[in-house]
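Student: Mind looking over this structure? Questions follow.
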Amino acid sequence: MKTFEEVILANVSSIQRIVDFDPESDQLLPLDFTAHNKDLSGETLADTELFSNWVNEKLSEQNARYGIGGYNEHRTIYTRSAHFDTGEEPRRLHLGVDIWGATGTVIYNFYDATVHSFAYNNHFGDYGATIILSYDMEGFKFNALYGHLSLASLSGLKAGDFVPAGKNIATLGAKEENGNWPPHLHFQIIKEMGDWKGDYPGVCKFSERDIYLANCPNPNFILDINFKRAMPDQISV
């Protein structure tokens, strides 16, 4: 059987946008949220308004429409929420890719899918409004989690509903409904959902890295098609 990467690369012509982006005029800014980023203070991270201003300033300085990054990134930013500090070992390894943009940014479905589940994960540092769609691409079945959405994005959804490629499925939520984060999309691929519905860990313990990365392949194989350019650690198509 083909791998996730092989299936995506074999179906480039059928994969549609996730966000609006014109490669001729729009820019992407890679954002680093590891310990290497000395520009982010604990004070900034603790205040969502300050954190949002920091992201917006970085985008403005580079004339970038979106910030992007985060797959397999060991992040210090999760110290801002007790949501990631369960047990002796905190969760710090990010399993998806984040697209940082303006509140209300439209999110599209990239390929024919069905609604797996959805939920309002309303805790500080959590996903807020969340949609999970299921895909079958040449017999390769997987799921995609869209997190930090507007609460209105959940209206009218039903598990099992068909969602055509290209459909506007959501908008980015404000901090009051997206888990108290600067507006962004958490986009994560999940092969097996297990018993999870409307939720799935987007950050894991480093000791469980190999297990989670095996079940959550790199979303950049899809996003690079959207943006038509190579980002760090991803394949150009």
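Every number here is computed from the coordinates shown, using simple stated rules; none is lab data. Source: prediction; values computed, not measured. So basically every Cβ, Gly included, is an ideal-geometry build from the backbone, and we count neighbours across all protein chains shown.
Student: Less than 12 Å Cβ to Cβ from Thr3, Lys/Arg counted +1 and Asp/Glu -1: what total charge do the surrounding residues give? Could you put the intermediate results ahead of the total?
Tutor: Numbers: positive: Lys2, Lys191; negative: Glu5, Glu6, Glu138.
Neighbour charge sum, excluding Thr3 itself: -1.
Student: Now, a different point. Using only alpha carbon pairs under 8 Å that are at least six residues apart, calculate the relative contact order of the chain and give it in whole percent.
Tutor: The value is 23 percent.
Student: Right, here's the next one. Only helical DSSP H runs with n ≥ 4 go in: add -39500 (n - 2.57) per run for the chain, normalise by residue count and round the 222 nm mean residue ellipticity to 500 deg cm²/dmol.
Tutor: On the way: 5 runs with 41 residues, N = 237.
Helices in the chain give a 222 nm mean residue ellipticity of -4500 deg cm²/dmol.
Student: Ranked by Cβ crowding within 10 angstrom, fewest neighbours first, how are Asp98, Asp126, Asp161, Asp199 ordered?
Tutor: Ascending number of Cβ neighbours within 10 Å: Asp161, Asp199, Asp126, Asp98.
Student: How many nm separate the modelled label positions at Glu192 and Ser60, each set 7 Å beyond the Cα in the direction of the Cβ?
Tutor: Taking the two extended label points, one gets 4.8 nm.
Student: So if each residue of separation counts as 0.36 nm, and I subtract the Cα-Cα distance between Met1 and Tyr108, what length gain in nm does that give?
Tutor: Answer, rounded to one decimal: 35.7 nm.
Student: Further question: Give the residues of segment 89-111 whose amide nitrogen is closer than 13 Å to a point set 7 Å from the Cα of Asp20 in the direction of its Cβ.
Tutor: Output list for this probe position: 102-108.
Student: Under a Cβ-only charge scheme (Lys and Arg +1, Asp and Glu -1), can you give me the dipole magnitude of segment 4-227 about the Cα centre, in debye to the nearest 20?
Tutor: 280
Student: What would the Debye formula give as log10 I(q)/I(0) at q = 0.12, 0.17 Å⁻¹ for the alpha-carbon point model of segment 4-227, no solvent?
Tutor: -0.61, -1.31
Student: If you build a Gaussian network model of the chain, linking Cα atoms that sit under 10 Å apart, which residue out of Glu24, Glu73, Glu138 swings the most?
Tutor: Its mean-square fluctuation being the largest, the pick is Glu24.
Student: A follow-up question, please. Can you sort Leu151, Leu95 from fewest to most other Cβ atoms within 10 Å of each residue's own Cβ? Spell out each step's value before the answer.
Tutor: On the way: Leu151 15, Leu95 27.
Lowest to highest Cβ neighbour count: Leu151, Leu95.
Student: Using only the Cα atoms of segment 136-212, build the gyration tensor, take square roots of its eigenvalues as a ≥ b ≥ c, and label the shape rounded, prolate or oblate: rounded if a/c is under 1.5, else prolate if a/b is larger than b/c, else oblate.
Tutor: Cα axes put segment 136-212 in the oblate bin.
Student: Let me ask you something else. I need the phi-derived Karplus couplings for segment 59-76: 6.51 cos²θ - 1.76 cosθ + 1.60, θ = phi - 60°, integer Hz, Gly and Pro marked x.
Tutor: Once θ is set to phi - 60°, the couplings for segment 59-76 become 5, 5, 4, 9, 6, 9, 6, 9, x, 8, x, x, 5, 6, 9, 8, 9, 7 Hz.
Student: Quick one: which residues, 5 or more positions from Thr76 or on another chain, have an amide H under 5 Å from its amide H? H modelled 1.01 Å from N in the peptide plane, none for Pro or chain starts.
Tutor: Here the answer is Thr34, Ala35, since their amide H atoms fall under 5 Å of that of Thr76.
Student: Can you give me the long-range amide H partners of Lys167? Hydrogens built in the peptide plane at 1.01 Å from N, cutoff under 5 Å, separation of 5 or more residues or another chain.
Tutor: Asn109
Student: Using amide H atoms built 1.01 Å from N in the peptide plane, name the residues 5+ places from Ser117, or on other chains, whose amide H lies under 5 Å from its own.
Tutor: Close amide H contacts, sequence-distant or interchain: Ile132, Gly198.
Student: Determine, for Trp181, Trp196, the number of other Cβ atoms within 10 Å of each Cβ, and report the residues in order from fewest to most.
Tutor: Listed from fewest to most nearby Cβ atoms, that is Trp196, Trp181.
Student: Mind checking the dipole of segment 109-237: about its Cα centre, +1 per Lys or Arg Cβ, -1 per Asp or Glu Cβ, Debye to the nearest 20?
Tutor: Here the size comes out at about 220 debye.
Student: Considering the options Ile169, Ala46, Val115, tell which one lies farthest towards the positive end of the dipole of segment 4-227, charges being +1 on Lys and Arg and -1 on Asp and Glu at the Cβ, about the Cα centre.
Tutor: Val115
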